[in-house]
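What follows is a single structure, written as structure tokens, with notes after it.
FYI, it's all coordinate maths here, none of it is from the lab. Remember, predicted model here, so these are calculated numbers, not experimental data. Note that each Cβ is placed from the backbone with ideal geometry, even for glycine, and that neighbours are counted across all protein chains shown.
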Amino acid sequence: MPDGKPAGLRCVNLDETYRCTIWSTSEYPAVCRALNPEPEMCGADRDEALAALRELEARTQPDISLVPLQVPRMG
Ligand code: SF4
């Protein structure tokens, strides 16, 4: 995903068993390499991990109310 993975979308590098298909290759992204999962991120199962991920995504999404409104000039 050359422009990064948008929040909420499944990574294209996951296979059908949810394993990374590019792990340990030169294409493995630096952001993934730098991630150090903690037990609270992973939970006890996939459902808990997805809930934690949703929470992280919600807490870190940009506040679009802070983005200046772009009003097109007329004429
Ligand atoms: S480790 Fe990174 S590249 Fe691999 S599936 Fe997960 S998000 Fe995608």
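Quick check on segment 17-34. Is at least one of its residues among the acidic types (Asp, Glu) and within 12 Å of the ligand (Cβ to nearest atom)? Yes, there is a match, as at least one residue in segment 17-34 is among the acidic types (Asp, Glu) and within 12 Å of the ligand (Cβ to nearest atom). Within segment 29-56, the set of residues being under 14 Å from the mean Cα position of the chain (by Cα) and under 18 Å from Asn13 (Cβ atoms) comprises Pro29, Ala30, Val31, Cys32, Arg33, Ala34, Leu35, Pro37, Ala49, Leu50, Leu53. Taking segment 5-14 as the range and being surrounded by 10 or more Cβ atoms within 10 Å (Cβ to Cβ) and over 18 Å from Gln61 (Cα atoms) as the test, the residues that pass are Asn13, Leu14.
Per-residue answers, yes or no, for (1) surrounded by 10 or more Cβ atoms within 10 Å (Cβ to Cβ); (2) out of contact with any helix residue (DSSP H, G or I) (no Cβ under 9 Å at 6 or more places or on another chain):
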{"position": "Asp3", "(1), (2)": "no, yes"}
{"position": "Glu16", "(1), (2)": "no, yes"}
{"position": "Ile22", "(1), (2)": "yes, no"}
{"position": "Ala30", "(1), (2)": "no, yes"}
{"position": "Gly43", "(1), (2)": "yes, no"}
{"position": "Glu55", "(1), (2)": "yes, yes"}
{"position": "Thr60", "(1), (2)": "no, yes"}
